[in-house]
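Reviewing the structure listed below.
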Amino acid sequence: MTTDVWLPRPEESRLRRLLRGPAEGWSTLGAVAIMIVALAWSIDDAKWVRGVGSLTDFLPSVGFAGIAVGFIGAKLGWGRWTTHLFGAAFAALILPVVAGGIILGDTVTGYLPAALAARFHASAEVVTQVWIDLAIRGLSLTSQYGHYFIAFGAIVWAAGQHASYAVFGHRRPLDAIVPSGLLLLANMTLTRNDQLHLIVLFSLGALTLLARSHSAAAGAAWIRRRIGDPDLVGGMYLRSGAVFVGAAILGSLVLTATASSAPLQGVWKDVPATLIRMSQSLQRYLPLGGESRDPGVVVFGAQSPIIGSWIQNDGIAFTAHVLPGETERFRWRVGAYAKFELNAWSWGDTVSIDRSPGEVLLKSLADDPAALAGRREVQVGIVPDTLAQGYLVSPQTVEQVDRPSTVLVTGSQSWFASVDIGGARDYKLTALVPVVGDAPGGITENRLRVASRIYTADVQRLYLDVPAGSLGPASMAILDKVRASAPDNPYDLALALQTYLLDPANFRYDTDVQDEVQAQCSGLSTVECFARIRAGYCQYYASTMTILLREAGVPARFAQGFLPGDRSTSGTEVVRNSGAHAWVEVLFPGYGWVDFDPTGGGVGAPVVIPSGAPASLTPVPSLDISTGGPRSSGFGVPGGVGPDDQGDPGGVFGGGRSSGPFIAIALLLAIGGLALASVAWRRGGRPMAPDSAWGSVARWAARFGFAPRPSQTVFEFAGSLGDEVPLMRPELSTVAEAKVEVAYGRRDLGEDRLRRVAMAHRRLRLGLLRLAFRRRGARGRGRGR
């Protein structure tokens, strides 16, 4: 229901009318407040910022402030832009002070100029640091969180201000209901918390607003026609509206109390991969708290953030088909991450190399497994299920695939990061996996102990990099303790670190450490945090081992993918989202990358390597150490993301984060765009000149055989056209009256009147399509009757 006219009060000053109360009634203002409070409570209940709901308790107050600005601007006669610009400026002063107060806590009290300046300064520092982290340093995540208070406050303030001005300035209640309702639904889609009572509360406000506006519109129409008692008519509409609202809300409450269905179950399964990839770009800007809804899909990306919790999901990620006689259980690699960003991993700066179907993917690259002895071929068929993205999964090092693909590599020597196959629904691949044992080139403990320790400049730059802030006293204490008891070689150090991290006496496997992270890890890296709280899941374990090895001079990288699934005797292996996992790869020149899995709690699956026969020092591979250029020999790879079969819950996004919020947000952006376009269409957009509108109506009618006759006046043609499309008579009257007043009365119409003309013209363009179905019957009546 769109209302263009509300009953005005007798002429008096705007300020006096404002002080006396709105002509629309206080119930209208109350209905708007109910809707915005429902939205604010929904965001607050989700606990998006650090998982602490009390941090966003200020949102309802901010919503009231936005409503007040929109209401006052409308009642003082300010234009739309004047009101919204004033409100934006006011919010820019208030919200940083509110955010700064939350950041500083009890360290600053009162509202004297010094206290206000301190709060404002704290907010400015946070925003500046966020800009440096995300825009300048290019990090996947920022450790700051105060800017989210400003962001959420701005959302609720803007929703309140827009809704209030739409109702009291534009007299269009639907323009208030649609955007704020979409925001509420978006938040409810993202959170797992039960918020049905809030949608009921929002509906109460929205239905009350519509009933109140319909009553006012009906009263105004009766006044224009000079018939009946407008108060009586309005009261009748209000009573019937109140009965409808009461019945609707009562029914909603009954359904809320009894419903047991899962309306969103399975809704994400067939989401296009392009939408999922679009959602990845939003990941680094979103808060990492709250209980996110799990859409049941697994997504990997170039970044792997590490947060405080996982979401359990036991859906099928993909099905693998191996030969029936295959006995080895494989980790399923998706990606290998080279760059540590304190609270996240990334592939690093990658280059794309296109490969044709069947072409050797890693040929002449640093990870080319064909350059290594002790490898065997494995044939695998992959059928993705909820693994809804375009990156290949493979045991150990992939050799070729039967689909066009793009190999993503990093560093001057082109080290493996991942393989993009464009979202193929099924594919067959060949992998080269290492042989474990005394076979020629096979991996044994004794051979790894004597492997070369000479690394290229590129390896040192990529896989020995320990960014500033990665380590602290607690993590260095772990390294010192392990090094003191481990033999002096990379293999035994890696094995000792793996054993130390696996020991439940040292660390506790836990999929939800948000409280510990919040209490003890502010400003700390994942590694130092894990060393302090002594609890976490696979990403914490793998990150810690990788960085400690690098600090000790042993090249290592963070790998993500899946643990082995359930394999039948026929060779069909079902791999579930709950098997998504992170582990460590350590580089041994001459043998390639070797897997280590330090995750405790019985979740990790450490590789058992036999001791083997005594071995002599491995010859140094042919490497160009000075330039780090391409080499004739290479090293193997694995890779992947997120939770495990018994704990690291699936449904991950680049590792650790449920993909639900990002997919939902990407989809909701599209829905929001359509909603805004709908609102703009209903409002008519820019003002339109009556001559242009009338000429367009005449041309549209002429296309369907109902052109005006030269002898017809504007009103005569509008009347005849109204006989053909009765539902369009109000719009025809609006355009015709404006046309006559401008063309013959030489009047200058106001902006609101011109907007109504534009809105009527837009409706007419659709309404006149009905003439296409009447054209045959109209031929006998001539043109335009």
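How high is the FRET efficiency between TYR744 and SER27 when r is their beta carbon distance and R₀ equals 51 Å, given to the nearest 0.05? Intermediate values should be presented prior to the final figure.
Details: r = 43 Å, r/R0 = 0.84.
Efficiency for this residue pair is about 0.75.
State the extension gain, in nm to one decimal, for the chain segment bounded by PHE86 and ILE353, taking 0.36 nm per residue of separation less the distance between their alpha-carbons.
Once the chain is fully extended between PHE86 and ILE353, it gains 90.9 nm.
Using R₀ = 45 Å, calculate the FRET efficiency as 1/(1 + (r/R₀)^6) where r is the Cβ-Cβ separation of ALA114 and ASP480; round to 0.05.
So the FRET efficiency works out to roughly 0.45.
Using the basic label-point model (7 angstrom from Cα toward the beta carbon), what is the SER452 to ASP691 distance in nanometres?
Calculated label separation equals 8.5 nm.
Calculate, in nm to one decimal, what ASN506 and VAL608 gain on full extension: separation in residues at 0.36 nm each, minus their alpha carbon distance. If you can, show how the numbers build up before the last one.
On the way: separation 102, 0.36 × 102 = 36.72 nm, distance 2.15 nm.
34.6 nm is the gain from fully extending ASN506 to VAL608.
Please compute the length gained on full extension between LEU769 and ARG137, using 0.36 nm multiplied by the number of residues separating them and subtracting their Cα-Cα distance.
222.0 nm
Using a 1.4 angstrom probe and counting only protein chains, how large is the accessible area of ILE150 in Å², to 10?
40
Give me the net charge of VAL697's neighbourhood, meaning all other residues with Cβ under 12 Å from the Cβ of VAL697; Lys, Arg count +1, Asp, Glu -1.
Details: positive: ARG699, ARG703, LYS739, ARG762, ARG763, ARG765; negative: ASP691, GLU731.
Neighbourhood net charge equals +4.
How much FRET efficiency would the formula 1/(1 + (r/R0)^6) give for ASP723 and GLU751, where r is the Cβ-Cβ distance and R0 is 35 Å, rounded to 0.05?
Working: r = 32 Å, r/R0 = 0.92.
The computed FRET efficiency comes out at 0.65.
With label points built 7 Å along Cα→Cβ from the Cα atoms of GLU125 and ASP492, find their separation and express it in nm.
Going by the 7 Å Cα→Cβ label model, 4.8 nm.
Could you state the accessible area per residue of the stretch 67-139 in Å², with a 1.4 Å probe and every protein chain left in place?
Result: 55 Å² of accessible area for each residue.
Taking the mean number of other Cβ atoms within 10 Å as a proxy for protection, how do you rank 330-343, 173-186, 726-739 from highest to lowest?
On the way: 330-343: 25.8, 173-186: 22.4, 726-739: 19.2.
Most protected by this proxy first, the peptides run 330-343, 173-186, 726-739.
Sorted by average packing, counted as other Cβ atoms within 10 angstrom per residue and highest first, what order do 601-611, 33-43 take?
Put in order of decreasing packing, that is 33-43, 601-611.
Which peptide among 750-758, 586-594 comes first, and what is the full order, when sorted by highest mean count of other Cβ atoms within 10 Å?
586-594, 750-758
Between SER61 and LYS363, what is the spin-label point distance in nm, taking each point 7 Å from the Cα along the Cα→C-beta axis?
Reported label-point gap for SER61 and LYS363 is 6.8 nm.
Please compute the net charge surrounding VAL450, taking Lys and Arg as +1 and Asp and Glu as -1 over other residues with Cβ under 15 Å from its Cβ.
Net of charged neighbours comes to -1.
Could you name the lysines in cross-link range of LYS47, using Cα to Cα under 28 Å and dropping any fewer than eight places away on the same chain?
LYS269
Does the stretch 529-620 classify as rounded, prolate or oblate by the C-alpha gyration tensor (a ≥ b ≥ c root eigenvalues; a/c under 1.5 gives rounded; else a/b over b/c gives prolate, otherwise oblate)? Let's see the in-between values first.
Numbers: a/c = 2.27, a/b = 1.14, b/c = 1.99.
The shape class here is oblate.
Between rounded, prolate and oblate, where does the stretch 41-155 land on the alpha carbon gyration tensor, with a ≥ b ≥ c its root eigenvalues, rounded for a/c under 1.5, else prolate if a/b exceeds b/c?
Prolate, because a/c is 1.5 or more and a/b exceeds b/c.
For the stretch 504-548 and the stretch 85-159, what is the separation of their C-alpha centers, rounded to whole Å?
For the stretch 504-548 versus the stretch 85-159, the Cα centre distance is 28 Å.
The values are calculated or read from the model by the stated rules, or taken from the named source; none is laboratory data. Quantities reported herein were computed from a predicted structural model and do not represent experimental measurements. Cβ atoms come from the backbone with ideal geometry, glycine included; neighbour counts cover every protein chain shown. All accessible areas refer to the heavy atoms of the entire protein, side chains included, with ligands and DNA or RNA removed. Shrake-Rupley method; radii C 1.70, N 1.55, O 1.52, S 1.80 Å.
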